[in-house]
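Please read the structure below before turning to the comments.
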Amino acid sequence: MKKIFIALIFLFSFSCLWADQLEDVYKRISAHPVTKGEFTQEQYIKVANRSLISRGNFVMAADKGVIFEIAEPFPSSMVVTEDKLVQTLSGNVVAVMDGKENAMFKNIAKIIHSVFSNDVQVLRDNFQVSVTGGPKDVVELVPKDPLLSMMFLKITLAVGDSIDSVSVIETGGNWVNYNFNNKFFPEKLTSDEEQRLAQ
Amino acid sequence: MKNRGWPNNRTFFLLLLVAVFAAALCRGVQIDTSFFSLFPEYSDLSDVEKKISHNTSSSVYIFAESSDFESAEKGAEAFYDAFKDSDVFRSLTLYQDSASFEELKNFLFEHRYQLIDEETLSLLESGKADSVAKSALAQVYSPFSFADLSRLDKDPFILTEKNIKKYASRNTGNMFMKEGCLAAESDGKWYVMIRGAVTEKALSFSKKNGIGNVYDRIKVLEQEWPGVSYICSGVPFHSYESSSKAMKEISWITGISLALVAAILLFAFRSLFPMFISLANIAVSLLFGLSVVMIFYGQINALALVFGTTLIGVSIDYSIHYFVNREHIFRSLTVNCISTEVSWSLLMLAPFPLLRQIALFSAAGLLCSYLIVRLLYPALSLPRRFDLHQNDRRLPVPGGHLVRTAGILILAICFVAPAVSGIRIKNNIRGMYTMSGQLLEWEKKASAVLSLGSSGEYFIVSGRGPQELLAREEQLTAALEEEKKDGALGGYAAITSYIPSMARQARSYKAAELLLQRSQAQLKALGFGSAAAGQFEQDYRNNAGRIVTLKDVPSFMKENIDTLYLGKIGDAYYSVVFPLLVKDSGALKNLADGEHVFFMSKIKDIEKELDHLTKIALCFILASYLLVFSILFAVYRKKALKTALVPVAVILGSLAFVSAAGGGVDLFACSGIVLIFGLGLDYLVYGLEKKTGKATLLSFITTEISFGALALSSFVPAHVFGLTVCVGLALAYILSCLINRS
């Protein structure tokens, strides 16, 4: 009983500590209003027993969202904002989750947006959070909602000065790794980027 | 004495009473609390309408509200735990099982070739299979697309994924899944929704009414969970509120009417005997009216009972006149009973269940009261004749010239008044039922939280068979899509959004054949070997001839589907399509052909139908005027002609009053006028029989008490009806007195 009590105290202390660490991590991420660079996505598909790799550029605006420009193997783009996820192919929208049309889409967009922005409260509301320090801070996000768990089981971020990598473990044994390289930190977005994130 | 020589009739009447009471007891006394009984049957599709009403009349939404999600969820959980095993709800859902999502995915995967979404189908049919393939590859290689890739070898064009988003997000409004519950955030508050359907038993009127239990439990839960409050929405709550209010009103209207009538009888006759006999007559007549309604309808609406309380004031008249005039009054009583029965019978013809019940209740009760007076009273050993003229001092009456002048003046005013006030026929369905403050507040909040945008307008689609029905519905939804682009509406709920017609499914399967040519390249781009393409083609061929039916639909969608698909009613099959977030209902109305697709704007249609009924009722009044005066002329000859103008003046005066007071003559005011005509004639008949005076005054007062009490009802139709009869009868009485005295 005593051991359980002590374990609970430790657990509580760690959860408080993780909470503080999470804020520290996201303060560091949002210290750069804009982060740009290249990304590589490696998507493992269990049924094919192989990984699909795509590459491109990204623009991360801490308070506005993220733009992924996929250059190869099939050019397309994905814009994640607080209320929608829009995928375009040759300028045409091919898939959209618009929060204006549906509260469920709005919630999903808000949650994904929060992973890249300084919206710690949304993360705490939707995930069991743990943070491990080291050369890079590792943030593990496990969804509380069973519906979100149908989409992914865990999101892990490795954060130095900014987000270095994101790993998403999906159901059915699939996983996706995103690596963010050659990063630079401009002061502000271009007007085109502003427009794309505002739409 | 003639009447004492009617033992056979008396015995027959007593046997009839016993038989009617026994038959009613066998059927059981059931009070209908349905909110929809308020509305008339207003279209040729009344059976279809009834089914739609039945589907929606048991559904409820209960929201637990709190400033944070956790508290709202706990509040919802507490409510769910309290009622999940009770007999109040036949279904109650708080948690959306994650298995449901898996079930949906499997369903859409199994039928991916039959259920291709409209956009992809359009691309395929225009030969753009390449665009479909590229779009799928873009989604697979895109970050955070959340496409389910676990069956990529069998579904390389991710046909399933496109449908998942469409099906999962359908008609959810502001609600979204959060921690297994449907939740919404609005104005800084969290709402967790519980959906349910109440049982028939829960809606029945009794001390243990299910909705009453819900209210009681909510009070307890709000104390146990500080910061959590509950919002209740749905027809059963309105049915409960209107029926509870009706039952309370029956109690006090009956109480007031009976107490005042008893006091007046006691005061007038200075004896307990007439009072007790009269009250016994009223009691038996009320029971008889109730029994007859039970036998014919199997149940009585609570609101019909509110109206039925007026029987007290009407049926007492026969007793009063008998006690004063004994057998000498029988001819007048018979004529009066016929004229009033004619009035009620006319109302029985109205295609309005509530009005028909009121009319049958009152007509049967009145007939019973008349028969008691006619057949049973003469058999009683009455102690003495109650002469009101001897018991009371006569009131000073003005001279003949003055009376004639006053009579002509009032007649003139009655004839001129409608021209001044203007008679407008106007029924206001929204005004028929006023929600209590709390229920109104709840409905406003629920509507804001749900934000489904349902407008009360909908389409009914028919077909000779299910496939013809679905095909017609698809034509309608295609037109609705066009209107959606033009901004006339925001969306719609239709059965074909879940299950397309066989023709549409066959079209979908055929179009998917184009993907076979692309499958090898597609699968290669996704990292699969050449064998996968062969397997893909085999899968496609194996799906040939498969058809998705209602039975295949995932169980959690069945509730929605049951609301939309009405099935076979009569000789045809029907479905209902609900347009959502309607901005231009005129544009939608044009989509109905009136033959197979009907646009139902319930409130407007009912109001239009009620206006039509009101006009018919006015024609009925004219017809009954001619009929009753033919009877009066046959009985009283020239004397009847003298009074011919009085009912016309009373009707015109009453119509003018209703128009001036309420802004328009509605069906209930008109029904009141029908009754004024029937009851008002009584005063004229008593005058023709030279039986005016205190007995008529007394019967007038008791009738006014009954309808006056009804005018105090909070139920608008009862108030309008009571007030109209009150004013009309006063006019009829005054004019009858003036005409007879002059």
Some residue of region B:285-301 being modelled with pLDDT of 85 or more, crowded, with 18+ Cβ neighbours inside 10 Å, farther than 27 Å from B:His719 by Cβ and out of contact with any Gly (no Cβ under 8 Å at 6 or more places or on another chain): yes
Of residues in region A:83-96 being under 18 Å from the mean Cα position of the chain (by Cα), more than 8 Å from every other protein chain (Cβ to nearest Cβ) and under 17 Å from B:Pro143 (Cβ atoms), the one modelled with the lowest pLDDT: A:Val96
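Tell me whether region B:158-172 contains one or more residues that are more than 12 Å from chain A (Cβ to nearest Cβ), closer than 24 Å to A:Thr88 by Cβ, over 48 Å from the mean Cα position of the chain (by Cα) and surrounded by 17 or more Cβ atoms within 10 Å (Cβ to Cβ). Lay out the reasoning, then the answer.
Taking region B:158-172 as the starting set, the residues that turn out to be more than 12 Å from chain A (Cβ to nearest Cβ) are B:159-160, B:163.
After this cut, where a residue has to be closer than 24 Å to A:Thr88 by Cβ as well, the list is B:159-160, B:163.
Subsequent filtering for residues that are over 48 Å from the mean Cα position of the chain (by Cα) retains none.
No: region B:158-172 contains no residue that is more than 12 Å from chain A (Cβ to nearest Cβ), closer than 24 Å to A:Thr88 by Cβ, over 48 Å from the mean Cα position of the chain (by Cα) and surrounded by 17 or more Cβ atoms within 10 Å (Cβ to Cβ).
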A:Ser191 being surrounded by 14 or more Cβ atoms within 10 Å (Cβ to Cβ), more than 14 Å from every other protein chain (Cβ to nearest Cβ) and small (Gly, Ala, Ser): no
In region B:139-157, the residues that are at the interface with another protein chain (Cβ under 8 Å from one of its Cβ atoms) and farther than 25 Å from A:Leu147 by Cβ: B:Asp153
Residue match in region B:563-574 (condition: within 21 Å of the chain's Cα centre (by Cα), without any contact (Cβ under 8 Å) to a residue 12 or more places away in the chain and surrounded by fewer than 20 Cβ atoms within 10 Å (Cβ to Cβ)): no
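If I filter region B:115-138 down to residues being of a type in the set (S, T, N, Q) and within 28 Å of B:Asp552 (Cα to Cα), which single residue comes out as nearest to the other protein chains (Cβ to nearest Cβ)?
B:Thr120
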Of all residues making up region A:69-92, the number that are assigned to a strand (DSSP E or B) and aromatic (Phe, Trp, Tyr): 0
Verdict on B:Ala419 being surrounded by fewer than 21 Cβ atoms within 10 Å (Cβ to Cβ), modelled with pLDDT of 80 or more and over 30 Å from B:Gly298 (Cβ atoms): no
Strands (runs of 3 or more DSSP E) (entirely within region B:538-648) containing at least 1 residues that are more than 30 Å from B:Tyr113 (Cα to Cα) and in contact with a Phe, Trp or Tyr (Cβ under 8 Å, 6 or more places away or on another chain): B:597-601
B:Phe176 being within 14 Å of chain A (Cβ to nearest Cβ) and either surrounded by fewer than 20 Cβ atoms within 10 Å (Cβ to Cβ) or out of contact with any Ser or Thr (no Cβ under 8 Å at 6 or more places or on another chain) (or both): yes
Top-ranked residue in region A:23-65 [being within 11 Å of chain B (Cβ to nearest Cβ) and aliphatic (A, V, I, L, M); ranked as surrounded by the fewest Cβ atoms within 10 Å (Cβ to Cβ)]: A:Ile53
Test: residue in region B:112-131 that is within 39 Å of the chain's Cα centre (by Cα), surrounded by 22 or more Cβ atoms within 10 Å (Cβ to Cβ) and more than 29 Å from A:Asn179 (Cα to Cα): yes
Yes/no for A:Thr132 being under 23 Å from B:Ser150 (Cβ atoms) and more than 14 Å from chain B (Cβ to nearest Cβ): no
Top-ranked residue in region A:135-147 [being surrounded by fewer than 20 Cβ atoms within 10 Å (Cβ to Cβ) and not in a strand (DSSP E or B); ranked as nearest to the other protein chains (Cβ to nearest Cβ)]: A:Pro146
Some residue of region A:97-109 being within 13 Å of the chain's Cα centre (by Cα) and either facing chain B (nearest Cβ under 10 Å) or modelled with pLDDT of 85 or more (or both): yes
Yes/no for B:Phe323 being modelled with pLDDT of 85 or more, assigned to a helix (DSSP H, G or I), over 21 Å from B:Val635 (Cβ atoms) and of a type outside the set (Gly, Ala, Ser): no
Single residue of B:Ile329, B:Ile312 found to be within 16 Å of B:Ser706 (Cα to Cα), in contact (Cβ under 8 Å) with a residue 12 or more places away in the chain and in a helix (DSSP H, G or I): B:Ile312
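Just to be sure before I move on: is B:Ala488 small (Gly, Ala, Ser), surrounded by 17 or more Cβ atoms within 10 Å (Cβ to Cβ) and either over 21 Å from B:Ser462 (Cα atoms) or within 14 Å of another protein chain (Cβ to nearest Cβ) (or both) in the structure I sent?
yes
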Pick from region B:575-598, criterion over 27 Å from A:Asn102 (Cβ atoms) and of a type in the set (A, V, I, L, M, F, W, C), ranking: surrounded by the fewest Cβ atoms within 10 Å (Cβ to Cβ): B:Ala592
Only one of A:Phe74, A:Phe116, A:Phe127 that is over 17 Å from the mean Cα position of the chain (by Cα) and more than 29 Å from B:Gly490 (Cα to Cα): A:Phe74
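Residues are listed down the side, and each one gets a yes or a no for (1) in contact with a strand residue (DSSP E or B) (Cβ under 7 Å, 6 or more places away or on another chain); (2) over 20 Å from A:Thr35 (Cα atoms); (3) not basic (Lys, Arg):
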position	(1), (2), (3)
A:Asp137	yes, no, yes
A:Met150	no, yes, yes
A:Leu153	yes, yes, yes
A:Thr156	yes, no, yes
A:Asp164	yes, no, yes
A:Asn177	yes, no, yes
A:Phe180	yes, no, yes
A:Glu194	no, no, yes
Residues located in region B:708-723, provided they are of a type in the set (A, V, I, L, M, F, W, C) and either in contact with a strand residue (DSSP E or B) (Cβ under 9 Å, 6 or more places away or on another chain) or touching a residue at least 24 places away in the same chain (Cβ under 8 Å) (or both): B:Ala709, B:Leu710, B:Leu712, B:Phe715, B:Val716, B:Ala718, B:Val720, B:Phe721, B:Leu723
Pairs with Cβ under 6 Å, 6+ apart, first in region B:580-608 and over 16 Å from B:Ala493 (Cα atoms), second among the polar types (S, T, N, Q) and buried (at least 17 other Cβ atoms within 10 Å of the Cβ): B:His596/B:Ser462; B:Glu607/B:Asn427
The lone exception for B:Phe536 - which of (1) within 16 Å of B:Leu152 (Cβ to Cβ); (2) in contact with a Pro (Cβ under 9 Å, 6 or more places away or on another chain); (3) surrounded by fewer than 21 Cβ atoms within 10 Å (Cβ to Cβ) it fails: (3)
Unique match (being at the interface with another protein chain (Cβ under 10 Å from one of its Cβ atoms), among the β-branched types (Val, Ile, Thr) and buried (at least 19 other Cβ atoms within 10 Å of the Cβ)) among A:Ile163, A:Ile112: A:Ile112
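The values are calculated or read from the model by the stated rules, or taken from the named source; none is laboratory data. Worth saying up front: this structure is predicted, and the values here are computed from it rather than measured. Using ideal geometry, Cβ is built from the backbone for each residue, glycine included, and neighbour counts are taken over all protein chains shown.
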